[in-house]
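Undergrad: A single structure is presented below for examination.
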Amino acid sequence: MRCPSCGVENRQGGKFCLGCGSALARGCPSCGTAVPPHASFCDECGTALTSSGLPTPVTVDPAPALTPSEVARPTHEGLSFASELRHVSVLFCDLVGFTPFSEGRDPEEVREVLSGYFDLSRAIVSRYGGVVEKFVGDAVMALWGAPVAMEDDAERAVRAGLELVSAVASYGKGHGISLSARVGIVTGEAATTETTEEGLVIGDRVNTAARIQSVAPPACCYVDEATRSASAAAIAYMDAGEHELKGKALPLRLFRATRVVAATAGSQRSGVIEAPFLGRDHELRLVKELFHAS
């Protein structure tokens, strides 16, 4: 056996060099097998060795310390909430005449009227399969197509818009005040998310629906071309012309939804000219409420 330190040839099995006295072999700390001093691993059991003959220590980075607030608060860091492009219909409904009513009124009375309006809006939107996204002041934003999509989402949104216009007028009369609603609806592709921190839907469709609602006259429901095309089989429309909308480079052609003329997807639609139902708003409203209640 040749000494790795001085190169002197030693007898086989010797433990120390005859020339320099250096150790010629060392024992594995795991199995006890003699191994050369220059070995990094034991050839019997594979244990990692250092120059001292001890196993190579395994270092583990300590976990970062957490503050009490981080321990108490669950975190979603590292998780990616699914987001996708979906075909949705966005509705904005705003009260007309509520600001004059609230001026000089008792705050509790104002809150009671506004809460009743929110409950009414939520019930109507849910009745037609939509989701109330949020309330902004006395405005309501609702959504169809997310998180659940149906083939007649645009038609459902318009039906809800017409119902809101009618219901708000009746609600105001019931409280002895003059209230009306104006509605704007947009249909198209929008980015949706599964978390409600930013809302179910974000993007240009939301802004456009709000702009359309702002130019609609009181007690009217305005929609864009995509919404009209998707719901024309069941809803009657009037051309409202082109409108300059804030933030839009080009004018947008809008349509006024007037009434429902058929069942879902245009079924049971009459082939003759239909006159609008006038002078029986209270009776019609009562029939609708009884129908939905049943």
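Undergrad: Cβ-Cβ distance below 6 Å, separation of 6 or more or different chains: which pairs start in the stretch 106-122 with a residue that is closer than 14 Å to Asp94 by Cα and end on one that is surrounded by 17 or more Cβ atoms within 10 Å (Cβ to Cβ)?
TA: Correct list of pairs: Leu120/Ala167; Leu120/Tyr171; Ser121/Val140; Arg122/Val132.
Undergrad: Pairs needed: first member in the stretch 92-103, open to solvent by less than 30 Å² (accessible area, probe 1.4 Å); second member anywhere, modelled with pLDDT of 90 or more and not small (Gly, Ala, Ser); C-beta distance under 6 Å; at least 6 residues apart or different chains.
TA: As it stands, the answer is Phe92/Met141; Phe92/Gln213; Cys93/Val140; Cys93/Leu164; Cys93/Val183; Asp94/Arg182; Asp94/Gln213, since those pairs meet every condition given.
Undergrad: Among the residues of the stretch 205-243, write down those that are of a type in the set (D, E, K, R) and surrounded by 15 or more Cβ atoms within 10 Å (Cβ to Cβ).
TA: Taking the stretch 205-243 first, the residues of a type in the set (D, E, K, R) are 205, 211, 224-225, 228, 239, 242.
Within the stretch 205-243, Arg205, Arg211, Asp224, Arg228 meet the criteria.
Undergrad: Additional query: If I ask for residues that are under 26 Å from the mean Cα position of the chain (by Cα) and within 16 Å of Arg156 (Cα to Cα), which ones from the stretch 230-248 would you list?
TA: Matches in the stretch 230-248: Ala230, Ser231.
Undergrad: Kindly indicate whether any position in the stretch 147-155 is touching a Leu at 6+ places or on another chain (Cβ under 6 Å) and crowded, with 17+ Cβ neighbours inside 10 Å.
TA: Initial filter on the stretch 147-155 (touching a Leu at 6+ places or on another chain (Cβ under 6 Å)): none.
No.
Undergrad: Here is a follow-up. Which one is modelled with the lowest pLDDT among residues in the stretch 173-187 that are crowded, with 21+ Cβ neighbours inside 10 Å and not charged (D, E, K, R)? Step through it out loud before you land on a result.
TA: Just the residues of the stretch 173-187 that are crowded, with 21+ Cβ neighbours inside 10 Å, to begin with: 179, 181-187.
Still in the list and also not charged (D, E, K, R): 179, 181, 183-187.
Values: Leu179: 86, Ala181: 93, Val183: 96, Gly184: 96, Ile185: 96, Val186: 95, Thr187: 94.
So the residue we want is Leu179.
Undergrad: Another question, then. Taking Leu162 and the conditions (1) farther than 24 Å from Ala293 by Cβ; (2) touching a strand residue (DSSP E or B) at 6+ places or on another chain (Cβ under 7 Å), which numbered condition does it fall short on, given that it satisfies the others?
TA: For Leu162, the failing item is (1).
The values are calculated or read from the model by the stated rules, or taken from the named source; none is laboratory data. Computed from a predicted model, the values in this text were never measured in an experiment. FYI the Cβ positions are ideal-geometry reconstructions off the backbone, even for glycines, and counts take in every protein chain you see. All accessible areas refer to the heavy atoms of the entire protein, side chains included, with ligands and DNA or RNA removed. Shrake-Rupley method; radii C 1.70, N 1.55, O 1.52, S 1.80 Å.
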